[in-house]
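Note sheet for the following structure.
The values are calculated or read from the model by the stated rules, or taken from the named source; none is laboratory data. Model, not experiment: these values are computed from the prediction. No Cβ is skipped: glycine too gets one built from the backbone with ideal geometry, and neighbour counts run over all protein chains shown. In case anyone asks, the SASA skips ligands and DNA or RNA and just uses the protein heavy atoms, side chains included. Shrake-Rupley method; radii C 1.70, N 1.55, O 1.52, S 1.80 Å.
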Amino acid sequence: MDAIRDNWSEVLTAFGVTIEMSVLAAIIALVVGFLLAALRVSPIPVGRAIGTAYVQLVRNTPLLLIMLIVAFGLPELDLRPELNLNSWFGLETRHALLSFDVFFIFATIALGLYTASFVCEAVRSGINSIPLGQAEAARSVGMTFGQTLLQVVLPQAYRAVIPPLTSTMIAMTKNSSVAAGVGVTEATFAMRKLTNDHADQIVSIFIGFAIGYMVLVALISAAGNFLERRAAVS
Amino acid sequence: MAASVLFDEPGPVTRRRHQLYGVVLAVLLIAVLWWVYLKLKAGGELEPEVFEDLSQENVWRAIGEGVVATLKAAAISIVLAVGLGFLLATGRLSEHAPVRIPCRWVIEFFRAVPVLLMMIFFFGFLAQNFDFETETNALVAVVAGLTLYNGAVLAEVFRAGVNAVPRGQVEAAYAIGLRKGQVLRIVQTPQAVRYMLPAIISQCVVTLKDTALGFIITYGELLRQGKSIAEFVHNNLITFLLIAVIYIAMNSALSLLASWLERRMSVRGHSARDAVLQVEEVLPVG
């Protein structure tokens with residue numbers, strides 16, 4: 001455990017990057033995923049086709065490959081986003097948690113777009129789990145598709161969607177490790193670096209980082225349980 | 001066609017409005033794709049030479065080698081994972097706490113740790129302690145990571161499958177005097193396996209996709225071959241898109257197999273279908 005104790009601040013920073021990436025990718029995934037789900041259940045055939053095609057293509061491609069395609073594709077479209085918040089806080093030196101380099105942003109976008117396809121499927125199955133009578137009643141009082149979806153079906157689907165969305169978020173947090181492959185200095189990257197520098201302690205370093213991930217997973221599933229309990233019909 | 005309960009069969013006015021929305025969406029999509037096309041063309045990504053280079057024989061040989069390496073790692077992992085899953089699930093279902101609790105911890109641990117973290121660990125660990133060649137070392141690390149993760153997931157799938165077997169079956173088995181092990185082996189497992197098959201195949205898709213992580217520890221699977229090809233033809237984007245098409249084709253074939261199996265089983269009655277769905281609920285999404 002010496003290697004982890006000696007590099008404690010780097011380990012914490014690396015997990016901080018993992019958390020940042022997961023939160024930002026979660027926002028992208030939830031927004032895009034909800035829009036895709038709305039497209040997939042919409043009365044517009046073109047919309048349904050677009051939603052279905054997106055989910056089929058993205059779900060069947062490895063995340064690492066999507067990250068590589070985004071990383072090589074977006075610069076071709078003249079998109080090279082970078083964000084540095086250090087100056088906002090008046091910091092001279094670059095702090096890893098405040099500077100978002102291109103690799104981080106590309107990997108986050110890829111992770112968000114990849115997870116969006118799973119969010120879409122979770123939301124869609126939640127919508128399908130609502131009894132037919134609910135939507136029928138809404139339509140019979142004259143609500144439009146948008147009103148039926150937003151005011152009647154989605155509020156009820158929310159309850160059914162929490163457990164699968166929680167597993168999606170857990171899978172996404174674990175998947176953020178793949179960003180190590182495109183040079184983002186998050187937790188898995190840090191573990192690789194530490195094991196290279198301290199080859200003799202590889203087992204204890206691995207267990208330390210594994211525990212770190214287990215804590216993150218436990219936090220997300222606790223949050224999911226909390227939301228599930230709060231949304232439950234008593 | 002009532003594709004959804006969310007909207008009525010549209011009348012003539014609504015149908016025209018929907019057609020208009022459809023046209024707007026289609027135009028937007030085509031505009032975006034056209035913009036991407038123009039950008040790529042301007043960037044020199046779509047020069048004919050790129051496609052000529054990509055259609056050379058050695059490129060396709062490299063892709064073939066990559067597909068074989070990918071399928072090899074995935075096949076070994078899924079077979080070992082099914083075995084490990086059965087073992088862990090049997091332990092997890094045991095009535096003896098000293099067996100049940102460690103199995104539960106093993107399952108929880110390997111479900112929570114990212115596969116890539118395990119692969120990197122095994123790659124380093126094996127390199128230190130064994131005298132394998134690098135390629136073998138990478139294959140063993142990939143297989144070890146995938147087996148442990150998928151074994152833990154399949155253990156939960158198997159447990160859900162056993163629990164989905166109707167109680168009456170187990171009670172009847174005990175009533176005719178079968179022992180605990182016999183009930184599990186002769187009555188519960190054969191039925192559970194039937195419920196599990198679609199879930200196992202979905203897990204195969206996950207495994208096949210996750211072999212791409214072998215790229216990071218230098219295993220010569222499809223994505224790594226793609227990287228070498230990209231360097232050879234001096235074009236990253238088009239090569240990776242080509243590799244993506246191959247992955248999508250392989251995984252779509254597996255997904256079709258899964259939904260075919262699911263349909264075949266649902267013919268046999270609603271309870272089987274419900275049991276299948278119950279089993280699939282424990283699959284991690286993503």
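Brief remarks on what is shown
- Of all residue pairs spaced 6 or more apart or on separate chains, those with beta-carbon atoms under 7 Å, a first member in the range A:126-140 that is facing chain B (nearest Cβ under 8 Å) and open to solvent by 40 Å² or more (accessible area, probe 1.4 Å) and a second member that is in a helix (DSSP H, G or I) and of a type in the set (S, T, Y) are A:R139/A:T148.
- Which numbered condition B:T90 misses (of (1) under 25 Å from A:F72 (Cα atoms); (2) crowded, with 18+ Cβ neighbours inside 10 Å): (1)
- Top-ranked residue of the range A:176-194 - restricted to ones that are of a type outside the set (G, A, S) and surrounded by fewer than 23 Cβ atoms within 10 Å (Cβ to Cβ), ranked as farthest from the other protein chains (Cβ to nearest Cβ): A:T185
- Scanning the range A:5-41 for residues that are open to solvent by less than 40 Å² (accessible area, probe 1.4 Å), of a type in the set (A, V, I, L, M, F, W, C) and under 22 Å from A:A180 (Cα atoms) returns A:V11, A:A14, A:F15, A:V17, A:M21, A:A25, A:A26, A:A29.
- Unmet requirement for A:L98, which otherwise passes all of (1) in contact with a helix residue (DSSP H, G or I) (Cβ under 9 Å, 6 or more places away or on another chain); (2) surrounded by 15 or more Cβ atoms within 10 Å (Cβ to Cβ): (1)
- Unique residue being in contact with a helix residue (DSSP H, G or I) (Cβ under 7 Å, 6 or more places away or on another chain) and open to solvent by 10 Å² or more (accessible area, probe 1.4 Å) when the list is B:G124, B:G168: B:G124
Let's see how each residue does on (1) crowded, with 22+ Cβ neighbours inside 10 Å; (2) touching a residue at least 40 places away in the same chain (Cβ under 8 Å); (3) away from chain A (no Cβ under 14 Å):
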{"site": "B:K180", "(1), (2), (3)": "no, yes, yes"}
{"site": "B:V183", "(1), (2), (3)": "no, no, yes"}
{"site": "B:R194", "(1), (2), (3)": "no, yes, yes"}
{"site": "B:I201", "(1), (2), (3)": "no, yes, no"}
{"site": "B:A212", "(1), (2), (3)": "yes, yes, no"}
{"site": "B:I216", "(1), (2), (3)": "yes, yes, no"}
{"site": "B:L223", "(1), (2), (3)": "yes, yes, no"}
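- Taking the listed residues B:F110, B:F132, the one that is crowded, with 20+ Cβ neighbours inside 10 Å and of a type in the set (F, W, Y) is B:F110, with no other qualifying.
- Of the helices (runs of 4 or more DSSP H) contained entirely in the range B:19-128, those carrying at least 1 residues that are in contact with a Cys (Cβ under 8 Å, 6 or more places away or on another chain) and without any contact (Cβ under 8 Å) to a residue 24 or more places away in the chain fall at B:57-92.
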